[in-house]
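One structure below.
The values are calculated or read from the model by the stated rules, or taken from the named source; none is laboratory data. Note that the structure is predicted; figures quoted are calculated from it, not measured. Neighbour counts are summed over all protein chains in view; Cβ atoms, including those assigned to glycine, are modelled from backbone coordinates with ideal geometry. These area figures cover heavy atoms from the full protein model, side chains too; ligands, DNA and RNA do not enter into them. Shrake-Rupley method; radii C 1.70, N 1.55, O 1.52, S 1.80 Å.
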Amino acid sequence: MRDRGSAGSLKVAVRVKVLVVALAAGLVAAACTDGGAAGSTRPEQADQSQPSSSAPPKPAVLTVTPAAGAAGVQPGEPVSVAVADGKIGEVKVTGADGTPVAGKAKPDGSGWESEEPLGYGKSYTVTASATGTDGVPKNATSTFTTVGKPAKQTTVSLNVEEGETVGVGLPLIFTFGTKIADRAAAEKALKVTTEPKTEGAFRWFSDSSVIWRPKEYWKPGTKVSVDAAIYGRDLGKGLFGKEDRAANITVGDKVVAVADGGTFQMKVSVNDQEVRAMPISMGKRSSATPAGTYTVMSEHVGYTMDSSTYGVPADSKAGYRTFVKYAVRMSNSGIFYHSAPWSVGSQGKRNVSHGCINLSTDNAKWLMDTSKKGDLITVANSGGAALQPTDGWSVWQLDWPAWTAP
């Protein structure tokens, strides 16, 4: 009986131990579950442990440019109001005589900028308001004066006109009326806006001319806005811009012609598809056509080819003065493609010109009707010297590293 009773007590003890272990395990499991799971007794503690995602409200900070008391402000520089930690409200800019200066707020509410130039030797007052993220309105004012009318001013011209359709090789050329001392200031005043966005850069070929070109040929269909906003800008040594120039243009089809002096043929492609091959005659050995990639500069119906324009008197043995029906300028040094009915017998067989590309009248007309300013013409196997990148608009003679080099 004693032995049987001891065994029973042992079994009871084992059952109690197992039950205690099981309960302990259950408590551990409950402690490891997500705070929002069933059985959680303090969900609010989990919520309190999460950091807040919203920034605390702050008062608006307004920055007005030009600052209060500024003197000698350039009339071409915009008046602006920037807002930190808030949204812009009403902004007014008025002259001493009460004349308002137009402007508008940025779409995101982060500021305001004037849209018209100021006058020389004038005083202006800016009053601006904004509301901070804390909901409290803030105000700022600034009164400043502009520089007096300068003794020296310059103009600027563009190589494009409003509404033009241009070729994929077109460089944008800004030509000033005089030498520019501060090139960085001039570049800051020149804006090129594109859609789609296109990488490009400026390069100065002289003290009065700067060129902006894309890294690669323009993409057909690109919309380009050119704005030479030089009015009232100090371009160095007291020289100010006289007036702005602007134009909106569109890039047309990609038209490329390749003139081969070895085969005496010109092949023309449109959007990378060959559309026509034509017999040509280029410069003879004594006046070989420079080799390289030209950009079409201008087109002429009725033009007199005159050797005196590049230094050879028209009445000399090597000179000439000849009227042609169709002529398209490719360089400043006098290289054209043009109609040359007198050389049709040599076209496709030999090079006999003074350097130009000779075509039949029909082929010259077709090419001029097909191409446009800014299209590309590559001359190969001509036996001539390399085309200089400064000769006309031959900017593609420089690769991108060379173009962007100091």
Accessible carbon and sulfur surface of the chain relative to its total accessible area, %, 1.4 Å: 53 percent
List the relative contact order of the chain as a percent without decimals, with contacts defined as Cα pairs under 8 Å and 6+ residues apart. 13 percent
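Given only helices, namely DSSP H runs of n ≥ 4 each adding -39500 (n - 2.57), what is the per-residue ellipticity at 222 nm of the chain, to the nearest 500 deg cm²/dmol? Before the final figure, lay out the partial values.
Numbers: 5 runs with 59 residues, N = 406.
That comes out to -4500 deg cm²/dmol.
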Loop-only check: which GluC sites (Glu not before Pro) in the range 143-204 are DSSP coil with at most 15 other Cβ within 10 angstrom? GLU161, GLU162, GLU199
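Which order, highest average first, do 141-150, 297-306, 94-103 follow once you tally other Cβ atoms within 10 Å for each residue and take the mean per peptide?
Highest mean packing first, the order is 141-150, 297-306, 94-103.
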Size of the dipole of the range 327-379 about the Cα centre, Lys and Arg at +1 and Asp and Glu at -1 on the beta carbon, nothing else charged, in debye to 20? 80 debye
Please determine, in degrees from 0 to 90 and to the nearest 10, the orientation of helix 361-370 with respect to the longest principal axis defined by the Cα atoms of the chain, where the helix direction is its Cα long axis. 20 degrees
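Report for the chain the percent antiparallel among DSSP-assigned beta bridges with both residues inside it, nearest 5.
85 percent
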Please give the helix 2-32 orientation as an angle from the longest Cα principal axis of the chain, in degrees from 0 to 90, rounded to the nearest 10. 30 degrees
Return the whole-Å distance between the Cα centroid of the range 86-128 and the Cα centroid of the range 316-378. 55 Å
So, for the chain, what is the accessible surface per residue at a probe of 1.4 Å, expressed in square angstrom? 53 Å²
Which residues' amide hydrogens lie under 5 Å from the amide hydrogen of GLY348, considering only partners 5 or more residues apart or on another chain, with H built in the peptide plane? ILE280, SER281
Provide, as a two-decimal number, the C-alpha radius of gyration of the chain over 2.2 N^0.38 Å, N being how many residues it has. 1.74
For each pair in LYS254/LYS365; LYS104/LYS237; LYS188/LYS372; LYS188/LYS223; LYS92/LYS188; LYS325/LYS373, compute the distance between the two Cα atoms and list the pairs where it is over 24 Å. LYS104/LYS237; LYS188/LYS372; LYS92/LYS188
